[in-house]
Amino acid sequence: MNLSAEHVERLRGLLSRAGQRIVIVSHTNPDGDAVGSSLAWAEMLRGMGHSVVCVVPNKYPYFLDWMPGIGEVVIFKNDTEGRAVRAVADADLIFCLDFNSLSRLEILSDTIAANTTARRVLIDHHLSPDEGFDVVFSHPEASSTCYVVYRLIEALSGTAVITRPMAEALYVGMMTDTGNFAFSSLTPGLFRAVAVLVECGIHIPTLYNNVYNAYTEGRARLFGYAINRKMQIIEDGTVAYMSLMEHEMRRFRFQQGDSEGFVNYALTIKKMKMSAMFLAHRKFIRVSLRSRGDVDVNLFARRYFDGGGHKNAAGGKSFVSMEETIAHFVRSVREFAEEGHLGEVKGEK
Ligand code: 5GP
Ligand code: MN
């Protein structure tokens with residue numbers, strides 16, 4: 001991945017006057033990459049003499065609670081004091097991290113749209129970024145936004161400015177968005193970045209444990225239930241889906257983040273090409289999609305679930321019942337397969 005030298009210089013220009021009021025926003029249901037990139041970038045900007053407020057639309061999962069500085073991230077949904085609204089209204093600069101479209105901010109979208117004077121900078125790795133940013137660092141070829149932020153820090157100031165808390169935050173995003181360095185886009189550059197973060201003093205086993213071995217007992221039992229009782233397999237063993245209703249989640253004392261990773265599990269089955277998870281929320285069903293290799297779930301999510309994401313990890317929403325959502329999914333998978341998007345047509349060969 002190569003950063004545009006011209007865009008880096010434009011960004012340097014925007015940041016050249018110290019003491020600016022800056023807001024960093026990231027997407028709804030913030031994950032390790034959203035939070036990690038926000039925290040590291042905030043520290044970088046503070047080091048340059050700016051005042052920074054990080055805002056997320058709703059709460060991050062509890063297994064990120066330990067991250068240095070996370071307590072200062074304003075959760076818009078719980079922000080009864082109006083800190084986010086004031087910070088956004090006063091901002092000279094707004095950084096949008098780890099999402100491609102303002103609509104991904106959901107309940108926070110209107111607040112961000114209301115500030116029409118701040119300069120806006122996008123730092124992201126999703127396909128198809130919105131128009132309307134003053135500077136864009138959109139790198140779908142990067143495995144995480146944290147890696148893009150790392151490269152930006154390197155280009156602006158050199159990696160010597162990376163403190164240990166910044167390195168930890170960057171590592172969390174790199175680790176979580178690559179499934180602990182198992183998915184695609186694992187480039188030599190990414191591992192060089194990890195080497196530098198290790199030189200900054202991060203302890204990888206501790207970070208791994210903090211994120212992946214910090215779940216509740218309920219989550220472990222819900223996982224067993226979901227795989228054993230709810231996973232359905234269609235299309236000759238190549239597509240799997242599972243659903244969780246609110247009463248099922250309540251039974252296992254569900255907390256936000258507890259279903260993290262469930263959707264990936266079906267892909268451990270040898271022939272599996274695509275996996276889906278339907279999670280009931282109060283007003284809609286959240287759809288998570290994962291795929292292997294050339295199967296493009298970003299396309300699938302855009303076409304059938306009004307969503308998007310990456311080629312092998314995407315999501316969307318459904319506003320009909322679980323039964324109807326699943327029926328729509330099964331029909332959509334059939335159409336997708338008939339068009340050849342799931343690889344070779346059945347019966348051929
Ligand atoms: P997850 O399944 O982990 O929630 O999301 C996987 C990927 O899909 C993420 O990179 C996320 O950006 C994208 N994604 C999830 N939900 C939506 C959605 O409703 N709209 C769009 N455009 N992307 C989504
Ligand atoms: Mn990401």
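Residue by residue, here is whether (1) assigned to a helix (DSSP H, G or I); (2) more than 16 Å from ligand 2 (Cβ to nearest atom); (3) within 16 Å of the chain's Cα centre (by Cα); (4) among the basic types (Lys, Arg) holds:
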{"position": "9", "(1), (2), (3), (4)": "yes, yes, no, no"}
{"position": "38", "(1), (2), (3), (4)": "yes, no, yes, no"}
{"position": "58", "(1), (2), (3), (4)": "no, yes, yes, no"}
{"position": "80", "(1), (2), (3), (4)": "no, yes, no, no"}
{"position": "86", "(1), (2), (3), (4)": "yes, yes, no, yes"}
State all residues of the range 30-60 that are surrounded by fewer than 22 Cβ atoms within 10 Å (Cβ to Cβ), more than 16 Å from ligand 1 (Cβ to nearest atom) and under 19 Å from residue 109 (Cα atoms); if no residue qualifies, say none.
53
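Can you confirm whether the range 68-88 contains a residue that is within 20 Å of residue 125 (Cβ to Cβ) and either open to solvent by 50 Å² or more (accessible area, probe 1.4 Å) or in contact with a Lys or Arg (Cβ under 7 Å, 6 or more places away or on another chain) (or both)?
no
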Which of the residues that make up the range 115-151 are touching a helix residue (DSSP H, G or I) at 6+ places or on another chain (Cβ under 7 Å) and in a helix (DSSP H, G or I)?
145, 146, 147, 149, 150
The strands (runs of 3 or more DSSP E) lying entirely within the range 236-343 that contain at least 2 residues which are within 16 Å of ligand 2 (Cβ to nearest atom) are 285-291, 313-318
Scope the range 257-294; condition among the hydrophobic types (A, V, I, L, M, F, W, C) and in contact with a helix residue (DSSP H, G or I) (Cβ under 9 Å, 6 or more places away or on another chain); matching residues:
262, 266, 272, 274, 276, 277, 278, 279, 280, 285, 287, 289
Among residues of the range 11-29, those that are farther than 18 Å from residue 146 by Cβ and within 16 Å of ligand 1 (Cβ to nearest atom), counted
1
List, please: which pairs have Cβ atoms under 6 Å, are six or more places apart or on different chains, and start with a residue in the range 141-166 that is open to solvent by 10 Å² or more (accessible area, probe 1.4 Å) and end with one that is more than 16 Å from ligand 2 (Cβ to nearest atom) and outside any helix (DSSP H, G or I)?
151/3; 155/3; 162/200; 164/200; 164/201; 165/68
Between a residue in the range 1-29 that is within 15 Å of residue 136 (Cα to Cα) and open to solvent by 70 Å² or more (accessible area, probe 1.4 Å) and any residue that is of a type in the set (S, T, N, Q) and modelled with pLDDT of 95 or more, which pairs come within a Cβ distance under 9 Å, given they are 6 or more apart or on different chains?
10/4
Lone qualifier among 130, 134 - being open to solvent by 30 Å² or more (accessible area, probe 1.4 Å), more than 14 Å from ligand 1 (Cβ to nearest atom) and over 15 Å from residue 30 (Cβ atoms):
134
Give the range 170-189 a look and list any residue that's closer than 15 Å to residue 151 by Cβ, more than 13 Å from ligand 2 (Cβ to nearest atom) and either free of Cβ contacts under 8 Å to residues at least 24 places away in the same chain or part of a helix (DSSP H, G or I) (or both), or say none.
171, 188, 189
In the set 263, 239, 295, the lone residue that is under 21 Å from residue 219 (Cβ atoms) and β-branched (Val, Ile, Thr) is 263
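The values are calculated or read from the model by the stated rules, or taken from the named source; none is laboratory data. Model, not experiment: these values are computed from the prediction. Glycine gets a Cβ as well: all are built from the backbone with ideal geometry, and neighbour counts include every protein chain shown. These area figures cover heavy atoms from the full protein model, side chains too; ligands, DNA and RNA do not enter into them. Shrake-Rupley method; radii C 1.70, N 1.55, O 1.52, S 1.80 Å.
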